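The values are calculated or read from the model by the stated rules, or taken from the named source; none is laboratory data. Note that this is a predicted model, so its numbers are computed, not measured. Reconstructed Cβ throughout: ideal geometry from the backbone, glycine too, with neighbour counts over all protein chains shown. Side chains are part of the model used for accessible areas, which takes the heavy atoms of the whole protein and leaves out ligands, DNA and RNA. Shrake-Rupley method; radii C 1.70, N 1.55, O 1.52, S 1.80 Å.
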Amino acid sequence: MDFETLCVHGQGELYHTTGAVSVPIFQSATFRHPGVGQSTGFDYARLQNPTRASLEQIVAQLEGGTDAIACSTGMAAVTTVMELFAPGDHIIASDDLYGGSHRLFHNISMKNGISFDFVDTAHLERVETLVRAETKALFVETPTNPMMQVTDLAAAARLCKAHGMLLVVDNTFLTPYFQNPLALGADVVVHSGTKFLCGHNDTLAGFLVVADPALSERLRFLYKTTGACLSPFDSWLLIRSIKTLPIRMERQQETAGKIAQWLAGAEKVRQVHYVGLPTHPGYEVSKQQARGFGAMISFVVDQEETAVRLLERLSVIQYAESLGGVESLMTYPMLQTHADVPQAEREAKGITECLLRLSVGLESAEDLIADLAQAMEGDET
Ligand SMILES: *Cc1c(COP(=O)(O)O)cnc(C)c1O
């Protein structure tokens, strides 16, 4: 089946025979055993739930995995992955990561005895120099949040294979519609399902997707033990959302391209980071490994006052954290997603008072551009 068809029908008719076109919400925490030592395949909802299993089957197919594990949030998914590692292990990670992953690694994983090196993974030769005997994994986002750096995933996978490391890829920004890291050699795909997969700014979710059955078994064990599972109702919301993923991604990307071009010509904008601009350093790699550029833009304005004015005056675009939804959102990484990253580290990455991040939604391009223009103009008289 094609991607679009899987988005609509990928759950099959797994667990019910009523003909219901919408997957039922199986609001049951536990399941009756048919006999001693027997199971319907469902025992207790922390382990399995039919609504969640339907969603997991869809996402596994979209990412080309054998298993997808639906978690309560993206951070629950990342936390579950980190339980694969033991004290003494070393991990190399992107130096431009979602702020929550940065916080998890620094405050919890390190306390648990795992050490890290952070590096710009767009330069894999820099990654290679950091590999040592204890290095167990490379953790990347591509494009990164918020600087939009692109990592060559196939080359990263070759490097990891050569050194016996796992390649973990956070695929939140592009979704399986535009990019399939497993097909490029990644071992684990992480998603914040809260973002484009949900797409409506109304539900939190996360996913882990793998191709290797042994890795799936290890992660399933950690998942049932730590309890990071997605509820039946939220699973149903995600099933419903994914049906429109392809058309949302297409339109949001198209509008993002128009806005990126407009920003590139705007008087008060100094720099635009959008992977779909041919001037972006990751443009060529991105064209090889992904089918699209997504709908996330970050940009640098001339001064702090312009950034503040934008955030306060925008009216169609809302000043809020998060991304990937039908509503366009403007985020101030310095004060929001990356507030917990130490200032020197933040500024070295370019996350300054002049950097803004825009998640482009489904409003008309014309309205969004008019909104940016009116908010940027201000009254300097
Ligand atoms: C939001 C986000 C996360 C965390 O997901 P939650 O659902 O908010 O827990 C992880 N990675 C990226 C790239 C994100 O944007």
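Looking at the calculated P(r) for the range 321-365, what percent of the C-alpha pair distances fall above 16 Å?
Working: 408 of 990 pairs.
Of the Cα pairs, 41 percent sit more than 16 Å apart.
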Exercise for the section: Using θ = phi - 60° and the Karplus relation 6.51 cos²θ - 1.76 cosθ + 1.60, list the HN-Hα couplings for the range 22-29 in order, rounded to whole Hz, with x at every Gly or Pro. Expected result: 8, 4, x, 8, 7, 7, 10, 7
Fill in the blank from the handout: On the formula 1/(1 + (r/R0)^6), with r taken between the Cβ atoms of Q343 and S315 and R0 of 41 Å, the FRET efficiency rounded to 0.05 is 0.85
Practice task
Report, by chain and number, residues whose modeled amide H sits under 5 Å from the one on F26, excluding near sequence neighbours (fewer than 5 apart, same chain).
Solution key: T51
Problem - Extent along principal axes [Cα atoms of the range 8-64; Å; largest to smallest] - result: 36, 26, 17
Completion exercise
Cα-based Rg and Dmax for the range 261-381, in Å, come out at 14.4, 48
Exercise for the section: Show that you can apply the helix-only estimate: for the chain, add -39,500 (n - 2.57) for every DSSP H stretch of four or more residues, divide by all residues, and state [θ] at 222 nm to the nearest 500. Expected result: -10500 deg cm²/dmol
Practice task
Please report, in whole Å, how far the alpha carbons of the range 37-95 spread along each principal axis, starting with the longest.
Solution key: 43, 30, 20
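Quick one: accessible area per residue over the range 75-192, 1.4 Å probe, rounded to a whole number of Å²?
The answer is 32 Å² per residue.
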Problem - Hull volume in cubic angstrom per residue (convex hull over the Cα atoms of the chain) - result: 138
Exercise for the section: Could you order E83, E267, E63 so the one with the most accessible surface comes first? Probe is 1.4 Å. Expected result: E267, E83, E63
Handout entry: Given K136/K195; K195/K258; K258/K287, the pairs whose alpha carbons are separated by over 25 Å
Key = K136/K195
Practice task
Run the 1.4 Å probe and let me know the accessible area of V150, rounded to the nearest 10 Å².
Solution key: 10
Practice task
Quick one: order K195, K243 from most to least accessible surface, probe 1.4 Å.
Solution key: K243, K195
Problem - Stokes-Einstein translational diffusion, the range 241-299 - Kirkwood Rh over all Cα pairs, 0.692 mPa s, 37 °C, in µm²/s - result: 270
Completion exercise
The answer for the net charge of residues other than S241 whose Cβ lies under 12 angstrom from its Cβ, with Lys and Arg +1 and Asp and Glu -1, is +2
Problem - Separation between Cα centres of the range 303-358 and the range 284-300, rounded to whole Å - result: 19
Exercise for the section: Just reorder L197, L184 by solvent-accessible area, largest first, 1.4 Å probe, all chains present. Expected result: L184, L197
Handout entry: Under-5 Å amide H pairs with Q271, H placed in peptide plane, nonlocal only
Key = V300
Practice task
Pull up all non-local amide H partners of Y98: gap of 5 or more, or a different chain, and H-to-H distance under 5 Å with H placed in the peptide plane.
Solution key: N145
Fill in the blank from the handout: Carbon and sulfur atoms account, in whole percent of the 1.4 Å probe accessible area of the range 268-344, for 48
Exercise for the section: May I ask you to give the average projected area over all directions of the convex hull of the Cα atoms of the range 1-100, in nm² rounded to one decimal? Expected result: 10.1
Problem - Cα-centre dipole for the range 1-103 with unit charges at Cβ (Lys and Arg positive, Asp and Glu negative), debye to 20 - result: 520
Handout entry: Ellipsoid equivalent to the range 161-254 - semi-axes via the Cα gyration tensor, in Å
Key = 24, 19, 9
Fill in the blank from the handout: Compactness summary of the range 46-187: radius of gyration and Dmax from Cα atoms, Å, are 14.9, 46
Handout entry: Using θ = phi - 60° and Karplus 6.51 cos²θ - 1.76 cosθ + 1.60, couplings along the range 329-339 (whole Hz; Gly, Pro as x)
Key = 10, 10, 10, 10, x, 4, 9, 10, 4, 10, 4
Problem - Cut-off 12 Å between beta-carbons: net charge of the residues surrounding F42, Lys and Arg +1, Asp and Glu -1 - result: +2
Exercise for the section: Provide the solvent-accessible area of D367, counting protein heavy atoms only and rolling a 1.4 Å probe, rounded to the nearest 10 Å². Expected result: 90
Practice task
Starting at the first residue of the range 308-317, write each ³J(HN,Hα) from the Karplus equation 6.51 cos²θ - 1.76 cosθ + 1.60 with θ = phi - 60°, in whole Hz, x for Gly and Pro.
Solution key: 5, 4, 4, 4, 7, 9, 4, 10, 6, 7
Problem - Antiparallel DSSP beta bridges within the chain, percent to nearest 5 - result: 55
